[in-house]
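Everything on this sheet refers to the single structure shown next.
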Amino acid sequence: MVTDTTEMNGGEYAVVADIGGTNARFSRLHLETFEMDRVQVFACADYPTLTDVLEAYRDEQKVELEHVAIAIACPVDSDEINMTNHHWQFSIRGVRKSMGLKTFIVLNDFAAAAMSIVTCKPHELKQIGGGKIKPGAPKAVLGAGTGLGVGHLITLPDGQVMPLPGEGGHVDWAPTNEKEWAIHRFIHNRFGRVSAERVLSGPGLETIYLALADYHGKPVAPLSAAKIGQRAISGIDTLALETVNQFFASLGSFAGNLALNLNTYGGVYIAGGVVPKLMQLMATSNFRARFEHKGRFCKVAEAIPCFVITAEHAGLRGVGQYLKQSLQHSATNK
């Protein structure tokens, strides 16, 4: 997380944004109640730069831009930001100065996704197997969308939470059976290195479909992830259904690995745009079986609950929660 600020006080509202490779979601955030309103979604491809979309939100919603906090789908470890799955590049200091912002906070999108967990109510979390949450234990979050995001959340001794962003979506993808090795070869022949994101994302779903068609010797035309999901749910396309089942199996293996990294007895939380749309097929898939298939550590994996985040605008809420905690910390240390 990087903050460029001249002052943290003044102003009744802040503007928060959750920026992915496809869409940029904005909201106004009340700095006393932390309620959100004036939510608007923009297609990133329609705007040449981040500044352009900020100005569009300001002009269309008639809001002042003073305090702005954004989550963005790329590493945030310096002043220079370069999006992974979109062409936007910018300097944090440069944007603050050019737009006259008093505060400009930039954090990784899955740091925001991790922060959103503490804002979720029970009905906004659908549990997929496992036991009960262990209070204060580490949590993991992952999400498939344009790419594959990964993060963790830990609880500090004072009760505050701290997100641990990372680029876990870009680790090597590990096949576990003969069919998956065939998928691996197909992807390797197309792209070279096979990362988890090449499989566990919207574009990954499209690639699995083509890889399985190749595996079965069945010529098919490429389909969008949305079409694959629709055809799988309707039952009219057995290859689409096999694709979705393979996606969930691989997601289960990956999520189980993530759970073991930090013994996340606080749960593994699944965000992103892909899984909620395919929820009705998740229960009959091998997701949970693969999550728990961890050899001598099966019992550890079995105890860890998984949840699908169904909350609307969870990323925006996570940015708001991070801003809220930052402001409270600043006020405490004055």
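The values are calculated or read from the model by the stated rules, or taken from the named source; none is laboratory data. Nothing here was measured: the structure is a model prediction, and the numbers come from that model. With ideal geometry, Cβ positions are generated from the backbone for all residues, glycine too; neighbour counts draw on all protein chains shown. All accessible areas refer to the heavy atoms of the entire protein, side chains included, with ligands and DNA or RNA removed. Shrake-Rupley method; radii C 1.70, N 1.55, O 1.52, S 1.80 Å.
Rounded to whole Å, give me the distance from the Cα center of region 38-64 to that of region 136-169.
27
Note the direction-averaged projected area, equal to a quarter of the hull surface, for the Cα convex hull of region 99-196, in nm².
Working: hull surface 42.1 nm².
One quarter of the hull surface, i.e. the mean projection, equals 10.5 nm².
Based on the Cα atoms of region 49-152, what semi-axes does the equivalent ellipsoid have, where each is the square root of 5 times one gyration tensor eigenvalue, given in whole Å with the largest first? Don't skip to the answer; put the middle values down first.
Numbers: eigenvalues 193, 52, 35 Å².
Semi-axes (√(5λ), whole Å): 31, 16, 13.
Which entries of Lys134/Lys179; Lys277/Lys324; Lys126/Lys294; Lys139/Lys324 have Cα-Cα distances beyond 27 Å here?
Details: Lys134/Lys179 36 Å; Lys277/Lys324 30 Å; Lys126/Lys294 23 Å; Lys139/Lys324 20 Å.
Where the Cα-Cα span goes over 27 Å, the pairs concerned are Lys134/Lys179; Lys277/Lys324.
Can you compute the charge dipole magnitude of region 96-217 about its Cα centre, using +1 on each Lys and Arg Cβ and -1 on each Asp and Glu Cβ, nothing else charged? Give it in debye, rounded to the nearest 20. Walk me through the numbers on the way to the answer.
Working: 13 positive and 10 negative charges, 84 e Å.
Taking the Cα centre of region 96-217 as origin, the dipole is about 400 debye.
Over the alpha carbons of region 7-65, what is the largest minus smallest coordinate on each principal axis, giving the biggest first in Å?
Over region 7-65, Cα extents along the principal axes are 34, 20, 18 Å.
How big, in percent, is the set of alpha carbon pairs in region 96-151 lying more than 18 Å apart?
Numbers: 802 of 1540 pairs.
Pairs farther apart than 18 Å: 52 percent.
Considering only protein heavy atoms, what is the solvent-accessible area of Arg58 at a probe of 1.4 Å, reported in Å² to the nearest 10?
Number for this one is 80 Å².
Ratio to report: Rg/Rh of region 285-326, with Cα atoms as the point set and Rh obtained by the Kirkwood method; give two decimals. Present the calculation step by step, with values, prior to reporting the outcome.
Values: Rg = 15.9 Å, Rh = 12.9 Å.
Using only Cα positions, Rg/Rh for region 285-326 is 1.23.
How large is ³J(HN,Hα), in whole Hz, for each residue of region 275-283 in order, when computed from phi with the Karplus curve 6.51 cos²θ - 1.76 cosθ + 1.60 and θ = phi - 60°, using x for Gly and Pro?
Taking θ as phi minus 60°, the curve returns 4, x, 6, 10, 3, 5, 9, 5, 5 Hz for region 275-283.
Taking Cα atoms, how many degrees apart are the long axis of helix 202-215 and the longest axis of the chain, rounded to 10 and kept between 0 and 90?
10
Out of the total accessible area of region 206-319 (probe 1.4 Å, heavy atoms of protein only), what percent is carbon and sulfur? Write out the running numbers ahead of the final one.
On the way: 2630 of 4830 Å².
Looking at region 206-319 in its full context, I get 54 percent from C and S.
So what's Rg/Rh here for region 164-266, counting alpha carbon atoms and using the Kirkwood radius for Rh?
Answer for region 164-266: 0.99.
State in Å² the accessible area per residue of the chain; use a 1.4 Å probe, count heavy atoms of protein chains only, and round to the nearest integer. Intermediate results must be reported in sequence, preceding the final value.
Details: 15140 Å² over 334 residues.
About 45 Å² of surface per residue is accessible.
Taking just the alpha-carbon atoms of the chain, what radius of gyration and Dmax come out, in angstrom?
For the chain, the Cα radius of gyration and maximum Cα-Cα distance read 20.4, 67 Å.
Using +1 on the beta carbon of Lys and Arg, -1 on that of Asp and Glu, and nothing else charged, what's the dipole of region 11-124 about the Cα centre, debye to 20? Could the numbers behind the result be given before it?
Numbers: 10 positive and 17 negative charges, 20 e Å.
Here the size comes out at about 100 debye.
Starting from the Cα of Phe297, step 7 Å along the direction of its Cβ; do the same at Gln325; then give the gap between the two resulting points in nm.
Those two pseudo-labels are separated by 2.4 nm.
How high is the FRET efficiency from Leu260 to His170, r the C-beta distance, R0 30 Å, rounded to 0.05? Can you show the working numbers first?
Working: r = 19 Å, r/R0 = 0.62.
After rounding to 0.05, the efficiency reads 0.95.
Measuring from the lowest to the highest alpha carbon on each principal axis, how far does region 222-284 reach, largest first, in angstroms?
40, 22, 17
At 1.4 Å probe size, put Asp52, Asp109 in order of accessible surface, largest to smallest. Numbers along the way, then the final one.
Values: Asp52 55, Asp109 35 Å².
In descending accessible area the options line up as Asp52, Asp109.
Compactness ratio of region 178-334: Cα Rg over 2.2 N^0.38 Å, N = residue count?
On the way: Rg = 18.4 Å, N = 157, 2.2 N^0.38 = 15.0 Å.
For region 178-334, the normalised Cα radius of gyration comes out at 1.22.
To test your reading of the geometry: what angle, between 0 and 90 degrees and rounded to tens, separates the Cα axis of helix 50-61 from the longest principal axis of the chain?
Approximately 70 degrees, to the nearest 10.
Residue by residue, what Karplus-based ³J(HN,Hα) values in Hz, rounded to whole numbers, does region 292-297 have, using 6.51, -1.76 and 1.60 with θ = phi - 60° and x for Gly and Pro?
8, 7, 10, x, 5, 10
What are the residues whose amide H is under 5 Å from the amide H of Ser195, where those residues sit 5 or more places off or on another chain and H is modelled from the backbone?
The list, which skips near neighbours in sequence, is Trp173.
Can you give me the long-range amide H partners of Leu164? Hydrogens built in the peptide plane at 1.01 Å from N, cutoff under 5 Å, separation of 5 or more residues or another chain.
Close amide H contacts, sequence-distant or interchain: His152, Leu153, Ile154.
Placing unit charges on C-beta atoms (Lys and Arg positive, Asp and Glu negative, everything else neutral), compute the dipole magnitude of the chain about its Cα centre in debye, rounded to 20. The partial results should precede the final answer.
Working: 31 positive and 32 negative charges, 210 e Å.
The dipole of the chain has a size of about 1000 debye.
Using only the Cα atoms of region 163-216, what are the Rg and Dmax in Å?
Just the Cα atoms of region 163-216 yield Rg and Dmax of 11.6, 43 Å.
Helix 238-262 versus the longest principal axis of the chain: what angle, 0 to 90°, nearest 10, using Cα atoms?
With rounding to tens, the tilt is 60 degrees.
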